[in-house]
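Heads up, the thing below is written out as structure tokens.
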Amino acid sequence: MRKLIKPLVFCLALLPFVFLLLRIFRNDLGPDPVQELSLETGEWTLRFLLIALSLTPLRQITGQIDFVRVRRMIGLFALFYASLHFTVWLTFLLEFQWLTIFEEIIERPYITIGFCAYLILLVLGITSPKAMVLRLGKNWKRLHRLVYLAAILGVVHLLWILRIDIGEAVLYGSIVFVLLSYRFLRFLWRRRKVFPIDL
Amino acid sequence: MLIKKPADIKSSEITPESVYKNRRDFITDGSKLMLGAALAGSMPSIASAQSGASLMARAPASMRRSAPAAWWSGKFADIKSAPRSGPYYTGESLTPYADVTRYNNFYEFGMDKDDPSSNSGEFKADPWSVEITGEVAKPGRYDLEDILKPHALEERIYRLRCVEAWSMVIPWIGFPLADLLKRFEPTSKAKYVEFETIMQPETMPGIRSRTAIVRWPYREGLRMDEAMNPLAFMAVGLYGDYMPPQNGAPMRIVLPWKYGFKSIKSIVKINFRETQPHTTWNDLQAQEYGFFANVNPNVHHPRWRQDTERRLPQTLFSRTRIDTRLFNGYGEQVASLYEGMDLNRYY
């Protein structure tokens, strides 16, 4: 049973991609398919990032170890959807005009921020295999704390695109806020237990 | 003695309006087709001389709307078709009706492009009145029927360029904005005209949202000479049919040389004034949305490059990207309005 969890989660995480593919081939993306793909892949990146961030708290609260066993996979799926998002932008929106791409990354703050978040996810993805974990030792954990920054940048990137109504950014932003506060409070709580007098 | 008489016809037996209308369309289209076939070659113009039949574009029969009120159908019975040349016409292929009516920015109905079409079912375009205020000889509240009465409807095919870098080609039905504004006799003090969109919170979920960072109602404005330009159009329909709510029913402005957000929808107030009015987008982010908002490929918006545009509809593998033209290609008609103005500063 336990062996089935990973393949099951893998298939579930692939579903949004399969649906997108189906919509592409059925020509069901609306009159502006590029825009639609870009929005969809961006939103799924953020969702997977938030799922990845909630796995550790879920394990700590429920004591169920399976949550963290799929953490790396979920994180890699966030990178996967981010790569799709980046590729859609590169190929369909900017049509590989490198000069323009460079200009856009530098001149448009929301793109700068999104690009930085993507670079972070890329580095985390590259250093995710077990061999890299062993090689980096203590630094691995420090490096991978950057995922918090990536999540915050992702929400800011979204906030910057929204106009008139910031509902979506408020939703994703509050989830990030809750997840980060949980970690911070837990950190304080544990420190107090170890050094009850100092605090 | 009271005897309850059953209804003569059970409601289940009544043919829905859309069905019999379709049937009529089918019959008339069919007879026109036969007539057309008979005359083909010899006198092709006769079939199209029939009123309305010569319109460039018609909404698909299955998607046609019912009139907001009975008097509308008379209004739409006779529409002057677009001339086949000049600024009121373009030979570029039309954006299909389904896309024009399902890909909209109308934030009162929601944030996503398909929200306006899916969320506007309850919208009430009748009864409707428009309040005329400010520097005019004839202010007051006018019923829509009275507003439209003297104006003959005509078709115009305009390009629509959105500030988000996409564009469409749409066959509008309406009349020149100037003809309407003149009727209220603006005074010499009227230098600007301000428009306001209806607030119908009970039918507009976007207005009810608590995370909105905008102050409703939506407002737009024009300099008087811009509003009086012959290109400025007051539209009450599209594709030969009544205006759908998501496109600004019952009455909206169309300004083809400006970014789409200037073309305010569902108008309930027109105010003539001496000073430049506040406008929604300009108030929200002045460095991104200017008061003039003329289509200009040389002035980049902080979010979107403006030198090219995506002509809709697209598919993923056939993407029409075209160069954006100054004033959306209507320079001949409107460039004189901005002579001597620094368009980089007054964007």
For region B:66-92 and region A:99-175, write down the distance between their C-alpha centroids in whole Å. 51
Please order A:128, A:181 by the number of other Cβ within 10 Å, starting at the fewest. A:181, A:128
Ordered by fewest other Cβ atoms within 10 Å, a rough proxy for footprinting exposure, A:18, B:214, B:254 read A:18, B:214, B:254
Have a look at A:119, A:53, A:29 and tell me which one the Gaussian network model of chain A (Cα, springs below 10 Å) gives the largest fluctuation. A:29
If I model a spin label as a point 7 Å beyond the Cα along the Cα-Cβ vector, how far apart are those points for residue B:152 and residue A:177 in nm? 6.1
Could you give me the ³J(HN,Hα) list for region B:144-155, computed from phi with Karplus coefficients 6.51, -1.76, 1.60 and θ = phi - 60°, whole Hz, x at Gly and Pro? 4, 4, 5, 5, 7, 3, x, 9, 6, 7, 9, 9
As an exercise, identify the trypsin sites (Lys or Arg not before Pro) in region B:281-347 lying in DSSP coil whose Cβ has no more than 10 other Cβ atoms within 10 Å. B:345
Selection from A:99, A:128, A:37, by position along the positive dipole direction of region A:2-194 (Cβ): A:128
So for the protein assembly as shown: antiparallel DSSP bridges make up what percent, rounded to the nearest 5? 85
For chain A, list the DSSP H helices whose alpha carbon atoms reach 18 Å or more along the long axis and whose average Kyte-Doolittle value is 1.6 or above? A:2-25, A:109-126, A:146-161
Residues with amide H under 5 Å from that of residue B:251, placed H, sequence gap 5 or more: B:266, B:267
Within region A:116-161, trypsin sites (Lys or Arg not before Pro) in DSSP loop having at most 11 other beta-carbon neighbours inside 10 Å: A:145
When a/c is below 1.5 the answer is rounded, else prolate if a/b is larger than b/c, else oblate, so apply that to region B:165-282 with a ≥ b ≥ c taken from the square roots of the Cα gyration tensor eigenvalues. oblate
Quick one: what are the phi-derived ³J(HN,Hα) couplings along region B:82-87, Karplus 6.51/-1.76/1.60 with θ = phi - 60°, whole Hz, x for glycine and proline? 5, x, 7, 8, x, x
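Computed from the coordinates by the stated procedures, all read-outs in this text should not be read as laboratory data. Remember, predicted model here, so these are calculated numbers, not experimental data. We place every Cβ from the backbone using ideal geometry, glycine too, and count neighbours over all the protein chains shown.
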